[in-house]
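Have a look at the structure below, then the notes.
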Amino acid sequence: DLESQVTIECNIAQTHHRSVMGTKGTKVQGITQDFGVQIKFPDRSTTSDSNGDINGSTDAHPGDIIRITGKREKCEEAKQALLDLVPITESIDVPFDLHRSIIGQKGAGVRLLMNNFDVHIELSPQEKKLDVIKVTGAAQNVRDAKVAIADRVKELEADRADRELKGYELKIEVD
């Protein structure tokens with residue numbers, strides 16, 4: 001076992017290390033246990049002029065390189081698992097007038113989405129009134145959150161159409 005141990009490098013921008021590690025390192029600990037590898041993050045540097053490249057960049061900033069030690073195939077699987085945790089940001093088109101309903105009372109609706117899918121959701125500022133919601137997190141979590149938001153939008157639009165139908169009025173003049 002000792003002879004088959006290798007150390008490979010995984011290049012992830014240092015700005016993403018905190019989200020890749022998870023709260024108190026839980027995500028990294030899970031990967032370490034699942035694949036039987038050791039993962040060493042570099043010390044946090046005060047200046048990072050990293051451009052955020054992912055995968056095999058030869059001019060990587062030393063603070064971006066994560067070292068994974070273990071059996072080669074397990075290291076490669078662990079590297080892919082780490083890369084899958086790198087946060088991405090995607091935008092969703094949602095009419096601005098529905099943003100308040102998605103946020104919910106005192107932010108409860110948006111907080112629930114963020115906690116359930118482990119993502120960060122950023123809505124348009126009140127003064128800009130843009131029809132865009134930005135979702136940031138691991139790729140799979142972002143996809144799941146986008147589906148949930150799309151379902152919520154359909155639900156809200158159906159409620160709006162129902163309210164319009166209930167508010168229908170017909171006036172007839174009778175002699």
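Give the residues of segment 107-117 that are at pLDDT 90 or above and either loosely packed, with under 12 Cβ neighbours inside 10 Å or of a type in the set (D, E, K, R) (or both), sorted by residue number.
Selection gives A108, R111, N115.
Restricting attention to segment 118-156, and to residues there that are of a type in the set (S, T, N, Q) and in a loop (DSSP other than H, G, I, E, B), which single residue is most open to solvent (accessible area, probe 1.4 Å)?
Residues of segment 118-156 that are of a type in the set (S, T, N, Q), as a first pass: 124, 126, 136, 140-141.
Still in the running and in a loop (DSSP other than H, G, I, E, B): 124, 126.
Details: S124: 18, Q126: 115 Å².
Of everything passing the filter in segment 118-156, Q126 is most open to solvent (accessible area, probe 1.4 Å).
Across segment 115-163, what is the number of residues that are of a type in the set (S, T, Y) and touching a residue at least 40 places away in the same chain (Cβ under 8 Å)? Quick ask: steps written out before the conclusion?
We begin by selecting, within segment 115-163, every residue of a type in the set (S, T, Y); these are 124, 136.
Next, from what is left, pick out any that are touching a residue at least 40 places away in the same chain (Cβ under 8 Å): 136.
Selection size over segment 115-163: 1.
With respect to the numbered conditions (1) more than 15 Å from A145 (Cβ to Cβ); (2) modelled with pLDDT of 90 or more; (3) open to solvent by less than 40 Å² (accessible area, probe 1.4 Å), which one is the sole condition not fulfilled by K71?
(3)
Name the residue that is farthest from A139 (Cα to Cα), counting only residues in segment 1-31 that are β-branched (V, I, T) and either touching a residue at least 12 places away in the same chain (Cβ under 8 Å) or touching a Phe, Trp or Tyr at 6+ places or on another chain (Cβ under 9 Å) (or both). Steps first, answer last, please.
Restricting attention to segment 1-31, the residues satisfying the condition of being β-branched (V, I, T) are 6-8, 12, 15, 20, 23, 26, 28, 31.
Of the ones still in play, those that are also either touching a residue at least 12 places away in the same chain (Cβ under 8 Å) or touching a Phe, Trp or Tyr at 6+ places or on another chain (Cβ under 9 Å) (or both) are 6-8, 12, 15, 20, 28, 31.
Numbers: V6: 28, T7: 26, I8: 23, I12: 15, T15: 17, V20: 12, V28: 17, I31: 17 Å.
Across segment 1-31, the extreme among qualifying residues is V6.
Yes or no: segment 92-105 includes at least one residue that is assigned to a strand (DSSP E or B) and either open to solvent by 90 Å² or more (accessible area, probe 1.4 Å) or closer than 18 Å to H16 by Cα (or both).
Yes, segment 92-105 has at least one match.
With the condition kept exactly as written, say whether any residue in segment 158-174 is open to solvent by less than 30 Å² (accessible area, probe 1.4 Å), out of contact with any Gly (no Cβ under 9 Å at 6 or more places or on another chain) and not hydroxyl-bearing (S, T, Y).
Going through segment 158-174, the residues open to solvent by less than 30 Å² (accessible area, probe 1.4 Å) turn out to be none.
No: zero hits.
Inspect segment 130-146 for any residue being of a type outside the set (D, E, K, R), touching a Pro at 6+ places or on another chain (Cβ under 6 Å) and within 18 Å of H16 (Cβ to Cβ) and give the result as yes or no. Give the steps one after another, and end with the answer.
Going through segment 130-146, the residues of a type outside the set (D, E, K, R) turn out to be 130, 132-133, 135-142, 145.
Imposing the further condition that a residue be touching a Pro at 6+ places or on another chain (Cβ under 6 Å) reduces the set to 136-137.
So of that shortlist, the ones also within 18 Å of H16 (Cβ to Cβ) come out as 136-137.
Scanning segment 130-146 turns up at least one residue that is of a type outside the set (D, E, K, R), touching a Pro at 6+ places or on another chain (Cβ under 6 Å) and within 18 Å of H16 (Cβ to Cβ).
The values are calculated or read from the model by the stated rules, or taken from the named source; none is laboratory data. Computed from a predicted structure; not experimentally measured. Cβ atoms come from the backbone with ideal geometry, glycine included; neighbour counts cover every protein chain shown. These accessible areas exclude ligands, DNA and RNA; they are computed on the full protein's heavy atoms, side chains included. Shrake-Rupley method; radii C 1.70, N 1.55, O 1.52, S 1.80 Å.
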